[in-house]
Amino acid sequence: MNVSDIVKALTPDLIIDHSLADDPDIAGVAAVDAANATQISYIEGGKFASMVETTAAKALILPVDEVLQQKATARGIAWISTKAPRLLFAAVIKVFYTPFRPAAGIHPTAVIDPSVVLGEDVSVGAHVVIYPNVRLGNGACLLANVVVYPGVEIGDRTLLHANCTIHERAKIGKDCVIHSGAVIGAEGFGFVPTPQGWFKMEQSGIVVLEDGVEIGCNSAVDRPAVGETRIKTRTKLDNLVHIAHGATVGSNCALAGQVGLAGGVTVGNNVLLAGQVGVANEAVIGDGAIATAQTGINNKVAPGEIVSGSPAVPNALYRKVSAIYKRLPDMYQTFRKLNK
Amino acid sequence: MNVSDIVKALTPDLIIDHSLADDPDIAGVAAVDAANATQISYIEGGKFASMVETTAAKALILPVDEVLQQKATARGIAWISTKAPRLLFAAVIKVFYTPFRPAAGIHPTAVIDPSVVLGEDVSVGAHVVIYPNVRLGNGACLLANVVVYPGVEIGDRTLLHANCTIHERAKIGKDCVIHSGAVIGAEGFGFVPTPQGWFKMEQSGIVVLEDGVEIGCNSAVDRPAVGETRIKTRTKLDNLVHIAHGATVGSNCALAGQVGLAGGVTVGNNVLLAGQVGVANEAVIGDGAIATAQTGINNKVAPGEIVSGSPAVPNALYRKVSAIYKRLPDMYQTFRKLNK
Amino acid sequence: MNVSDIVKALTPDLIIDHSLADDPDIAGVAAVDAANATQISYIEGGKFASMVETTAAKALILPVDEVLQQKATARGIAWISTKAPRLLFAAVIKVFYTPFRPAAGIHPTAVIDPSVVLGEDVSVGAHVVIYPNVRLGNGACLLANVVVYPGVEIGDRTLLHANCTIHERAKIGKDCVIHSGAVIGAEGFGFVPTPQGWFKMEQSGIVVLEDGVEIGCNSAVDRPAVGETRIKTRTKLDNLVHIAHGATVGSNCALAGQVGLAGGVTVGNNVLLAGQVGVANEAVIGDGAIATAQTGINNKVAPGEIVSGSPAVPNALYRKVSAIYKRLPDMYQTFRKLNK
């Protein structure tokens, strides 16, 4: 496929300009420092900008930056310029790569209760087990060894990767992706202390994943005692994330690897929680807030706030304090002298 | 079911008093701020107390509090008073809700070695695999796609959720629950450094889960090189908890989501470890101790102590220091002036 | 088996000296404080040294320490002395214990695409599912309910424990071990923000695990958008570890439980990351570096450096600061007086 073909395959409104050079034949995609002459790559600017002078790629996606474009042209590199290089690169990857998705059909080894309602063109893999009263939407795809408990609803085109488990009565929307090993809708951690030990509070509620939600490998989203645990449209969870009973996560959030939300947490829309962030019971995080890695949130985060540290403080304060942290031994010496 | 029926269905000794109002017909349970007129809810006091004036519920569990009871009565709400509202609410949930449990029987697709000893009324789901010399107690229930390695013992009425894995020679007691994706008894992380790289120390020990233990989704409890990893009666682990080789956890503990115990840790009875707590090799935690979220314990915690922070310090100190933390930039300015 | 037989079964170059006493018959291995008269144990020195006077073991592995050896002899204990007691103990465990490994053969319930290439003496367990174009090396062993996506290569003698999942095109070397619930090669967490929400960047790269790598239970190693996520020879990952897209981990590293590496991280050789360590995007960790538990690394760690804390600082500084931490309330009082 030549660069001119790639340009044609892309949504035109993302492209500002392009230069075909000798319209090289491109076989695939690569990072700019790893690309060879048959690959297309991208430069977003910043620290990678200088790689326009060293990359072996014969085609690049570039930001709207005349200097970079001239350098590329000077080296005989074809380029496509855009205001969103990373987004356009994602679009180019789609031109070259389609992830594995099995064909529609029911594998003969799948065990499906007769009460299950299957949409059109569903794909049910080998050794899948579907308990009673489940509904699968059109085009739903369950890979090998998935287990679905009774009463679950799975929306159109939703993809369940191998070895994930969906528990009773969970409602999973359209176009969701549940990765391998994830567990959706298992009972929340609800125990009431008594003199005889823990008394189990049965978890009669449900988990709701709205349309376009993705749940990473080996993550777990628990159902509550009453009501719902809900993750709203297009929110993405990375691997090994723990969402406890009764939490609500808004739309378009991203929760990175190993984040944990305790019971009853409320997360607004467009929130970013970086890796290993922990959020305590009943905490409330406003729209557009950001927590950097390993932050511990135990109360409220205002909309748009950036927080860091455990317990969480505003990121600007955290950065000041972290800088001072290294000087504490000196401060302590001064303090001791003063005390004398 | 009317409120009078609910009262009859409950253990009388938990109930102090009740008022039937017009003995409304109740169809289910809900949180007090989400309930409708056909649902029963509960108020424990504190910040939810004012909801007695706004809830749409027609039946409430209340603490022993005359003011709250009068307010409920004034609004025509039936109520049941108790010293333990949350516990009674858990009992009421059980009246309305029974979690899914498949019937006894062996699914024809299960692969069970002929040497396996099955108790009475066991339930073995589709695609379960049981290796040789396993014993399942009476009423044990294995959901779909569970795998049990050789030599495992599983006690009466123990429930293994879909896609969990029990490794060789683990001993699991009665009335345990192992949630989906959990792995019990896999080999501990035992490697000895040598000039040629890591030499694997085979893990010849076993995991023992005593009666009434619950293990959350995607948690892992490893077996040690020699001896046992043991979790004692009625202790509950939440999701994504890691228990390394040779750890001992006492009775009636609760370990919240993403807690990690390193090798050889000893945890006493009635210990609470909040989310993402980490405990280092060979640390010892006394009976009744509490660690708040994200605490890092690397040594000893005295019985009954409450600890926080990483490294862990007494919670009272941690709270003081956290308050001062925000003033470090001011302190640093003062320190610089003094140094001049 | 008598102690003299054990001595014969061991590699001679690890043994410095030995004393058979009455050459007791030994049935197994145990920790020194738990051993009985039929078990062999080991003492590395340090805090366990005094146990030579109390252990019930009739055979011990000892360091090269005449005092300890004399004490053992005086108590009638047979001993083997070595410069590496833990390593020799690991060798002795192997004499007594062989972990479960199923025999070669294909279980009739396994679902294997006809295009799959099977080496000699492979073992494929019940309900395993292997998608098209997979290659299994000689002696590869897949336990029950493993799922392997298309195009995967698995090296000779590699062991895949029950319920693990290997995603498309992953390359797994020889003599690797993938523990239960682990997920290798699932798509990385790649989403580009747009005004319409997250745009999925397809993950066209692959995961490569080189020879001798081990991956713990419920860990996840993701594939990147382009290029590779690579874990080099003989590196060991504990349980619940998260390796994001595009990370590179060197040879002979050990990553303890619940460690998380964000996207594009580079870890050198012989690196030790203790439990719950987090490493941020694009961070670089030099050869031989060590991070203590719960460290948060967001930048660079020099070769051989020991770091602690979040954000990470040199361990020596961290220890000083942690000691001062407890005195912050006193420092703050002084600071307030000075300000007045």
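For the structure I just gave you, tell me whether B:V128 is modelled with pLDDT of 95 or more, within 14 Å of chain C (Cβ to nearest Cβ) and in contact with a Gly (Cβ under 9 Å, 6 or more places away or on another chain). Even if it seems obvious, please write down each step before you answer.
Working: modelled with pLDDT of 95 or more: yes; within 14 Å of chain C (Cβ to nearest Cβ): yes; in contact with a Gly (Cβ under 9 Å, 6 or more places away or on another chain): no.
No; evaluated as a whole, the condition is false for this residue.
Only one of (1) surrounded by fewer than 23 Cβ atoms within 10 Å (Cβ to Cβ); (2) not assigned by TED's automatic domain parsing to the domain that holds B:S219 is not met by B:A302, so which one is it?
B:A302 satisfies all of (1) surrounded by fewer than 23 Cβ atoms within 10 Å (Cβ to Cβ); (2) not assigned by TED's automatic domain parsing to the domain that holds B:S219 except (2).
Quickly run through region C:135-157 and pick out the residues that are more than 14 Å from chain B (Cβ to nearest Cβ) and surrounded by fewer than 24 Cβ atoms within 10 Å (Cβ to Cβ).
Scanning region C:135-157 gives C:R135, C:G137, C:N138, C:G139, C:P150, C:G151, C:E153, C:G155, C:D156.
Quick check on my filter: what residues within region B:141-173 are hydrophobic (A, V, I, L, M, F, W, C) and either touching a helix residue (DSSP H, G or I) at 6+ places or on another chain (Cβ under 9 Å) or assigned to a loop (DSSP other than H, G, I, E, B) (or both)?
B:L143, B:A144, B:V146, B:V152, B:A162, B:C164, B:A170
Do we find that A:V92 is within 25 Å of the chain's Cα centre (by Cα), modelled with pLDDT of 95 or more and assigned by TED's automatic domain parsing to the domain that holds A:I61 in this structure?
So A:V92 fits the description; yes.
Report the residue count in region A:174-183 for those that are assigned to a loop (DSSP other than H, G, I, E, B) and within 12 Å of A:V213 (Cβ to Cβ).
Final tally of qualifying residues: 5.
Filter region A:213-239 down to the residues that are within 14 Å of the chain's Cα centre (by Cα) and of a type outside the set (A, V, I, L, M, F, W, C) and list them by number.
A:E214, A:G216, A:N218, A:S219, A:K232, A:T233, A:R234, A:T235, A:K236, A:D238, A:N239
Kindly list the number of the only condition in (1) within 23 Å of the chain's Cα centre (by Cα); (2) not polar (S, T, N, Q); (3) not assigned by TED's automatic domain parsing to the domain that holds C:H179 that fails for C:G139.
That leaves (3) as the condition not met.
Could you go through region A:224-236 and let me know if any residue there is of a type in the set (A, V, I, L, M), in contact (Cβ under 8 Å) with a residue 24 or more places away in the chain, in the same structural domain as A:I178 (by TED's automatic domain parsing) and assigned to a loop (DSSP other than H, G, I, E, B).
Yes, the conditions are met somewhere in region A:224-236.
Kindly evaluate C:A37 against the criterion of being over 22 Å from B:P193 (Cβ atoms), small (G, A, S) and in contact with a Ser or Thr (Cβ under 6 Å, 6 or more places away or on another chain).
no
Only one residue in A:A182, A:A170, A:A186 is touching a Cys at 6+ places or on another chain (Cβ under 7 Å) and closer than 26 Å to B:A91 by Cα, so which one is that?
A:A186
Please enumerate the residues belonging to region C:59-76 that are among the charged types (D, E, K, R) and touching an Asp or Glu at 6+ places or on another chain (Cβ under 9 Å).
Selection gives C:K71, C:R75.
Among the residues of region B:24-37, what is the count of those that are buried (at least 16 other Cβ atoms within 10 Å of the Cβ) and over 29 Å from the mean Cα position of the chain (by Cα)? Can you show your working first?
The first filter runs over region B:24-37 and keeps only residues buried (at least 16 other Cβ atoms within 10 Å of the Cβ), leaving B:24, B:26, B:28-32, B:35.
With over 29 Å from the mean Cα position of the chain (by Cα) added as a condition, the list becomes B:24, B:26.
Residues flagged as buried (at least 16 other Cβ atoms within 10 Å of the Cβ) and over 29 Å from the mean Cα position of the chain (by Cα) within region B:24-37 amount to 2.
For region C:158-207: of the residues being facing another protein chain (nearest Cβ under 9 Å), under 18 Å from the mean Cα position of the chain (by Cα) and within 17 Å of C:R230 (Cα to Cα), which is surrounded by the fewest Cβ atoms within 10 Å (Cβ to Cβ)?
Looking at residues that are facing another protein chain (nearest Cβ under 9 Å), under 18 Å from the mean Cα position of the chain (by Cα) and within 17 Å of C:R230 (Cα to Cα), I get C:V177.
Need pairs with beta-carbon distance below 6 Å; first residue free of Cβ contacts under 8 Å to residues at least 12 places away in the same chain and within region B:27-51, second of a type outside the set (K, R); sequence gap 6+ or separate chains.
What qualifies is B:A31/A:V226; B:A31/A:G227; B:A34/A:G227.
Restricting attention to region A:271-284, which residues are at pLDDT 95 or above and either at positive phi or within 14 Å of chain C (Cβ to nearest Cβ) (or both)?
Once the filter is applied, which keeps residues that are at pLDDT 95 or above and either at positive phi or within 14 Å of chain C (Cβ to nearest Cβ) (or both), region A:271-284 yields A:V271, A:L272, A:L273, A:A274, A:G275, A:Q276, A:V277, A:G278.
Under the condition of being within 14 Å of chain A (Cβ to nearest Cβ) and surrounded by 13 or more Cβ atoms within 10 Å (Cβ to Cβ), which residue from region C:100-114 is farthest from C:V128 (Cα to Cα)?
Here the answer is C:D113.
Of the residues A:I40, A:I80, which is buried (at least 22 other Cβ atoms within 10 Å of the Cβ), within 26 Å of C:A186 (Cα to Cα) and in contact with a helix residue (DSSP H, G or I) (Cβ under 7 Å, 6 or more places away or on another chain)?
One residue alone meets the criteria, A:I40.
Could you please find all residues in region A:253-270 being within 14 Å of chain C (Cβ to nearest Cβ) and either in contact (Cβ under 8 Å) with a residue 24 or more places away in the chain or buried (at least 24 other Cβ atoms within 10 Å of the Cβ) (or both)?
Within region A:253-270, A:C253, A:L255, A:A256, A:G257, A:Q258, A:V259, A:G260, A:N269 qualify.
Yes/no matrix, rows are residues, columns are (1) within 27 Å of the chain's Cα centre (by Cα); (2) modelled with pLDDT of 95 or more; (3) in the same structural domain as C:A256 (by TED's automatic domain parsing); (4) closer than 21 Å to A:R327 by Cβ:
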residue	(1), (2), (3), (4)
C:G286	yes, yes, yes, no
C:A293	yes, yes, yes, no
C:G309	yes, yes, yes, yes
C:R327	no, no, no, yes
C:Q333	no, no, no, yes
C:R336	no, no, no, yes
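C:E210 passes all but one of (1) within 20 Å of the chain's Cα centre (by Cα); (2) surrounded by 22 or more Cβ atoms within 10 Å (Cβ to Cβ); (3) in contact (Cβ under 8 Å) with a residue 24 or more places away in the chain; which number fails?
Status for C:E210: all satisfied but (2).
Give region A:53-70 a look and list any residue that's closer than 19 Å to A:I15 by Cα and either in contact (Cβ under 8 Å) with a residue 12 or more places away in the chain or among the acidic types (D, E) (or both), or say none.
Selection gives A:K58, A:A59, A:L60, A:I61, A:L62, A:P63, A:V64, A:D65, A:E66, A:L68, A:Q69.
Tell me, which residue of region C:311-325 that is more than 7 Å from every other protein chain (Cβ to nearest Cβ) and part of a helix (DSSP H, G or I) is modelled with the lowest pLDDT?
C:A323
The values are calculated or read from the model by the stated rules, or taken from the named source; none is laboratory data. Note that the structure is a prediction, hence the values are computed from the model and not measured. Positions of Cβ are backbone-derived with ideal geometry, glycine not excepted, and every protein chain shown enters the neighbour counts.
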